[in-house]
Amino acid sequence: MAEQPVDDFRKEVRSWLKGNKPESPSFLLPETFMEVGTDQQFDFLRAWQRKVYEAGYLGMAWPEAYGGGGRAQIYQDIVNQEMAAQRVPFVPNTIGLNWAGPLILDMGSENDKRRYIKNILSAEDIWCQGFSEPDHGSDLGNAQVRAVRDGDDYVINGSKIWTSLGTYAKYMILIARTSVDGPNKYAGLSFFLAPMKVEGIDPTPIKKLTGEYGFCQTYFTDARIPADCMLGNEGEGWSVAMRTLMFERGAVGGQAGGLSMMDLNINDIVELARRAYRNGRPAIEDPLTRDELVKLVIEAKGNALMGSKAKIPALSQSYPNAVPMSGKLRGSELKRKMTRFALSLQGANGARFIGDDALDGGKWQRSYLNAFSGTIGGGTSQIQKNILGERVLGLPKS
């Protein structure tokens, strides 16, 4: 059967989104899955993801045998573009759709794929991530949560932190230490597709600077998980975790699609500069403001074109991995700079927040504070620069 012409498909998607975009609710929606802190927010976003999936617009390039669409990636790309253009809500199962799902399709058993993939797409099963720990945030290889084999189970003790959606998750991608006797700290780590709804697992929400919840610290107290939920072999968890991070950072493809956040973009900043006033005049008329704004526009447009650049060998032959491996760093740092600039446009009013009669309901202030989580999660900006230096530029570790 011939594939539908892409122009016709784009029109179809655009029409469906216009007819099915949910009306803004009476409560404040989060910007990303990392701010989902109320049942109202979660239920609204979960229902939206299910609707998108049932319409056939999520997981379009994943195999039909496991609940995907079995179509070419270009069709999912079009859906993603149209969702961003029409500013529809994001789909909340970010870790399942973008990290756990691609990992399972890449490395999981046939049973794993049939067990997990469809429910990831439909949002029936929400996933969270158990990598960082309170004392070892950026030193993943030094993870100390213990997993001890006991018959057909592993007994888990310790705690993980920044487990977004932890209170709603049914499963966690978990890295834990199964041995302390290996030749190095990485050799004793193992990777689990761990169930969350078992006795001894307690995800406790953490209040953020914004006043929102979403992050959790998850405590494991003699929690028993089945041994067959291990992905890969015992002691090989480090390589599985590194593969997961390649999906998380966007360095390799295979994600299910859909928006993962309600992102403020450079066009929003330009529009704000026209509405914000400095010395009685629109801020965009100030020469210094215009200069800073042009720098941000150039950086944003450059980032937007990076995907196309990576497909042209002549433009990326010196360092072919630089574009995909730098995506997370470039994106998170640009958002931090844009939201900081948005506050500077407001002058003294930038100190206001949600509920303080702030401009646009305080969304710029909230976005600025939330932007820091993007520069930490998935590897801090400092770690990302080290990775680029070592793996792209070939620089020594010291």
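The values are calculated or read from the model by the stated rules, or taken from the named source; none is laboratory data. Every value quoted in this text rests on a predicted model; they were computed, and no experiment measured them. Glycine also receives a Cβ, built like all others from the backbone with ideal geometry; neighbour counts cover every protein chain displayed.
Structure values in brief
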{"quantity": "Matching entry among SER316, SER344 (being of a type in the set (Ser, Thr, Tyr) and in contact with a Lys or Arg (Cβ under 7 Å, 6 or more places away or on another chain))", "calculated": "SER316"}
{"quantity": "Residue match in region 381-394 (condition: touching an Asp or Glu at 6+ places or on another chain (Cβ under 8 Å) and not assigned by TED's automatic domain parsing to the domain that holds THR94)", "calculated": "yes"}
{"quantity": "Unmet requirement for ARG352, which otherwise passes all of (1) surrounded by fewer than 18 Cβ atoms within 10 Å (Cβ to Cβ); (2) under 30 Å from ARG391 (Cβ atoms); (3) touching a residue at least 12 places away in the same chain (Cβ under 8 Å)", "calculated": "(2)"}
{"quantity": "Residue selected from region 130-147 under the condition of a type outside the set (Gly, Ala, Ser) and part of a loop (DSSP other than H, G, I, E, B), by the criterion surrounded by the most Cβ atoms within 10 Å (Cβ to Cβ)", "calculated": "PHE131"}
{"quantity": "Every residue from region 5-37 that is without any contact (Cβ under 8 Å) to a residue 40 or more places away in the chain and more than 17 Å from ASP263 (Cα to Cα)", "calculated": "PRO5, ASP7, ASP8, LYS11, GLU12, SER15, GLY19, ASN20, GLU23, PRO25, SER26, PHE27"}
{"quantity": "Residue within region 316-325 that is closer than 30 Å to TRP162 by Cα and either touching a strand residue (DSSP E or B) at 6+ places or on another chain (Cβ under 6 Å) or surrounded by fewer than 18 Cβ atoms within 10 Å (Cβ to Cβ) (or both) present", "calculated": "yes"}
{"quantity": "Residue list for region 248-263, restricted to those being hydrophobic (A, V, I, L, M, F, W, C) and either part of a loop (DSSP other than H, G, I, E, B) or modelled with pLDDT under 80 (or both)", "calculated": "ALA251, VAL252, ALA256, LEU259, MET262"}
{"quantity": "Positions within region 121-136 being in contact with a strand residue (DSSP E or B) (Cβ under 7 Å, 6 or more places away or on another chain) and not hydroxyl-bearing (Ser, Thr, Tyr), in sequence order", "calculated": "ASP125, TRP127, CYS128, GLN129, GLY130, PHE131, GLU133, PRO134"}
{"quantity": "Tally, over region 259-275, of residues that are β-branched (Val, Ile, Thr) and without any contact (Cβ under 8 Å) to a residue 60 or more places away in the chain", "calculated": "1"}
{"quantity": "Residue, surrounded by the fewest Cβ atoms within 10 Å (Cβ to Cβ), within region 1-34, restricted to residues that are at pLDDT 95 or above and among the small types (Gly, Ala, Ser)", "calculated": "GLY19"}
{"quantity": "Criterion (free of Cβ contacts under 8 Å to residues at least 60 places away in the same chain, buried (at least 16 other Cβ atoms within 10 Å of the Cβ) and under 18 Å from the mean Cα position of the chain (by Cα)) met by exactly one of MET246, MET306", "calculated": "MET246"}
